[in-house]
Amino acid sequence: MKRIRAIFLLLLIMIVLTSCFRENQDNNFEAQQLEEESPLEEIEEDMEENEPDEYERKGDTVQEEVEDVEEEGENLAEETLDEIVKAEYNIPDEYRRYIIVFEADSRWDKAVIEQYNGVIINEAETVKMVSAYLPEHLINRIREHPKVLSIEPDQLVVIEEVNWGYDRVRTYRAHNGGLTGKGVKIAVIDSGIFPHFSLSIAGGASFVNYTTSYVDDNGHGTHVAGIIGANALSHGLLGIAPEASIYALKTLHQNGSGFLSDTIAAIDWSIANKMDIINLSLGMERDSFALKNAVDKAYENNILVVASAGNFGTREGSGDTTAYPAKYPSTIAVAATDQNNNRAPFSSTGPTVEISAPGSNIYSTTLNHQFTTANGTSAAAPYVSGVLALIKEGFPHLNARAIRNKLQREVMDLGTIGRDSWFGYGLVQAPKYFRDIRGHWALHDILRVNNFGWMRGTGNDNFSPEQNLTRAQGAVVLVRALGLRRLSNNPSPFVDINHWAKNEMEIIHQHNLMRGTTTTTFSPETPMTREQMAVILARALELNRTSEMNNPFRDVREGHWATNDIIATTHHRIFGGLTPNTFGGSNIINRAQMAALMSRISNQLELTS
């Protein structure tokens, strides 16, 4: 009888344990921390039991919809997207975005929009459509234009299931410029990656003792990988770096926990196999010399190490609650934000938080070719890894430290001005890139002056670096860079400036920096020469030739109208000669050369502003 009771008790215990395991498997998407008394130190990804699950499943099948967005949230999304575009193109607040359709049999061009001071965003030549920001008070006048068939406000189009973080980090800026993370190797150290139809896995390895497969049996690693590299537009999902080479390094077991030693072994594998980025969407509360040594070695080997800050944050956001390895200086600690750019209430805080990224209700891939939403800094970290891949692809000559610095500089500042314990430097932002500047000698100058708002693209995500710089374009760039304002409302002496740049041409003439080609003509479409630009920049920066400034150029004769300004700007390293003893003053300046000139004087302009 005792034996029967024992067997019955044993069966009962097994049933209870099995039920608990299944419940844990279905509902707990994160690792559960081992007790301090455990002799085996495991690395983990989750909160204490009373904290929100970092990866809480919202649906088990692709057909299940993401939670409905409230009307207020939809309005916020539309306003936020509009504000982002306006900020990117330096568009006045009173402008509104419109769709203009031209007559099918008319020869339409940009002049129709530009004559009303519009800013063209996109063009569709076949259907004769332009999207542009226009002053609202001029809309009726534009509507009456003989070439305009219709004009209507542009609208926000949304999909049912969307990874809202894609737009929030401005991924489109990089994708439109051709950056997709191609050629960049990212190690996802996690629970493995399921071979999802929307994911391309370059390779991997297993470091757990129960399988040699790196296929995900938990779901966490697949969700992380989808944020980085999914390509499932039909399901409303596109990763930040969809062409990056993603490697699945399985260190976490089916229940979401794993040994620290396995994670260290995976970091070692990443160093040996020359990964560019390591994503660690996991964490633990206790310090480890061995782990710190591993991530330090990776960083020393030019590998960027991204780690989730942890989900140990208090609701009021107080204290230093950042987990390890995110706490180490060699890692980039990532906090989580919500759809309103607020700190996610679970997100860890502290002085080592370096950057923040979307981490609330994040839609991504999961097991069995399905999709789900999840919360946590584990979801925020892969946004940063994806953006780093875009920067790495666009700027291949930069080392890990330089890429990290660029990441910090190009954020959207949130919370307290500057770095703070909630958001770090701010919300991660994808790099701005033009599709026609890859590998160009002036790439960095172009991106720099574009970031200042001094020079913009020519449309369709192109910069047109080899296009000649016209006098009108030069006037616009200089007015923006110098911050010039109109001095009077006196009528202009020029009869040829009924032009999109009329305002800037009048302003720069009032400041006596550019004069007319005659007393009554400005010649806005005439290309600018090197000697003309040397004179204008010397005037703007108040540079004068002094007696010690010798003339090294055979083709710049003394007494020429531009000689002194050419010598002064060359002495100050704004211009350089075509050769050591030729200047080429009559040569035309192109847009790339103008970008380089403005980049060189940018520090001086900042000092005088």
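Data overview
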quantity: Surrounding net charge for Q429, when Lys and Arg each add one and Asp and Glu each subtract one, Cβ distance under 15 Å; calculated: +1
quantity: Eligible lysines near K327 by straight Cα distance, threshold 25 Å, same-chain separation 8 or greater; calculated: K185, K250, K274, K292, K297, K392, K406
quantity: Loop-located GluC sites (Glu not before Pro) in the range 117-147, at most 11 other Cβ atoms within 10 Å (DSSP); calculated: E125, E144
quantity: Protection proxy ranking, peptides 267-278, 483-494, average beta carbon neighbours within 10 Å, highest first; calculated: 267-278, 483-494
quantity: Binned Cα-Cα distances of the range 146-233, short to long, each 5 Å bin given as a whole percent; calculated: 3, 10, 18, 18, 15, 11, 8, 6, 4, 3, 2, 2, 1, 0, 0
quantity: For q = 0.13, 0.22, 0.23 Å⁻¹, Debye-computed log10 I/I(0) when each Cα of the range 436-511 counts as one equal scatterer; calculated: -0.46, -1.02, -1.08
quantity: For the range 184-192, 3J(HN,Hα) per residue [Karplus equation, 6.51 cos²θ - 1.76 cosθ + 1.60, θ = phi - 60°, Hz, x = Gly/Pro]; calculated: 9, 9, 10, 8, 9, 8, 6, 8, x
quantity: Local net charge near N490, Cβ-Cβ under 15 Å (Lys/Arg +1, Asp/Glu -1); calculated: +2
quantity: Computed log₁₀ I(q)/I(0) - Debye formula, equal Cα scatterers, no solvent, the range 304-368, q 0.19 Å⁻¹; calculated: -0.67
quantity: Computed E for L398/L233 - FRET, C-beta separation, R0 30 angstrom, nearest 0.05; calculated: 0.50
quantity: Ordering of 312-319, 168-175, 87-94 by packing [mean C-beta count within 10 Å, highest first]; calculated: 168-175, 312-319, 87-94
quantity: Under 5 Å, built H, 5+ apart or other chain: amide partners of I278; calculated: A187, L304, V305, V306
quantity: Spacing of the two label points (7 Å from each Cα toward its C-beta) at F197 and N176, in nm; calculated: 3.1
quantity: DSSP-assigned coil residues among chymotrypsin sites (Phe, Trp or Tyr not before Pro) in the range 423-482, each with at most 12 further Cβ atoms within 10 Å; calculated: W441
quantity: Virtual spin-label span in nm between H511 and H571, 7 Å along Cα→Cβ; calculated: 2.4
quantity: Extension gain (nm, one decimal) between L605 and N503, 0.36 nm per residue minus Cα-Cα; calculated: 34.5 nm
quantity: Under the Karplus curve 6.51 cos²θ - 1.76 cosθ + 1.60, θ = phi - 60°, whole-Hz ³J(HN,Hα) for the range 227-241, x wherever Gly or Pro sits; calculated: 4, 6, x, 5, 9, 9, 4, 5, 10, x, 9, 9, x, 5, 10
quantity: For F575, residues with placed amide H under 5 Å, excluding near neighbours; calculated: T570
quantity: In Å, descending, principal axis extents of the Cα set of the range 254-316; calculated: 40, 26, 22
quantity: Net lengthening on full extension, N122/E300 (0.36 nm per residue, minus Cα-Cα); calculated: 59.7 nm
quantity: In sequence order, calculated HN-Hα J values of the range 409-421 (Karplus, 6.51, -1.76, 1.60; Hz; x Gly/Pro); calculated: 6, 9, 8, 9, 5, 10, x, 4, 4, x, 6, 9, 7
quantity: Extent along principal axes [Cα atoms of the range 207-356; Å; largest to smallest]; calculated: 45, 43, 31
quantity: Size of the range 274-409 as Cα extents on the principal axes (Å, biggest first); calculated: 39, 35, 32
quantity: Accessible-area composition of the range 455-609, carbon plus sulfur, in percent [1.4 Å probe]; calculated: 46
quantity: Separation in nanometres of the label points that stand 7 Å from Cα toward Cβ, at S547 and D154; calculated: 6.0
quantity: Carbon plus sulfur fraction of accessible area for the range 279-319, probe 1.4 Å, in percent; calculated: 47
quantity: Low-density loop cleavage sites - trypsin sites (Lys or Arg not before Pro) in the range 542-609, where at most 16 other Cβ are within 10 Å (DSSP); calculated: R554, R557, R573
quantity: Compactness of the range 541-609 as Cα Rg over 2.2 N^0.38 Å, two decimals; calculated: 1.14
quantity: Extension gain from N255 to N340, taking 0.36 nm per residue of separation minus the Cα-Cα distance; calculated: 27.4 nm
quantity: Around A187: net Lys/Arg minus Asp/Glu count, Cβ-Cβ under 15 Å; calculated: 0
quantity: Efficiency of FRET from Cβ geometry, E316 and A290, R₀ 25 Å, rounded to 0.05; calculated: 0.15
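The values are calculated or read from the model by the stated rules, or taken from the named source; none is laboratory data. Just so it is clear, the structure is predicted and the values come from calculations on it, not from any experiment. In this analysis, Cβ positions are derived from the backbone assuming ideal geometry, glycine residues included, and neighbour counts consider all displayed protein chains. What goes into the accessible areas is simple: the full protein's heavy atoms, side chains included, and nothing from ligands, DNA or RNA. Shrake-Rupley method; radii C 1.70, N 1.55, O 1.52, S 1.80 Å.
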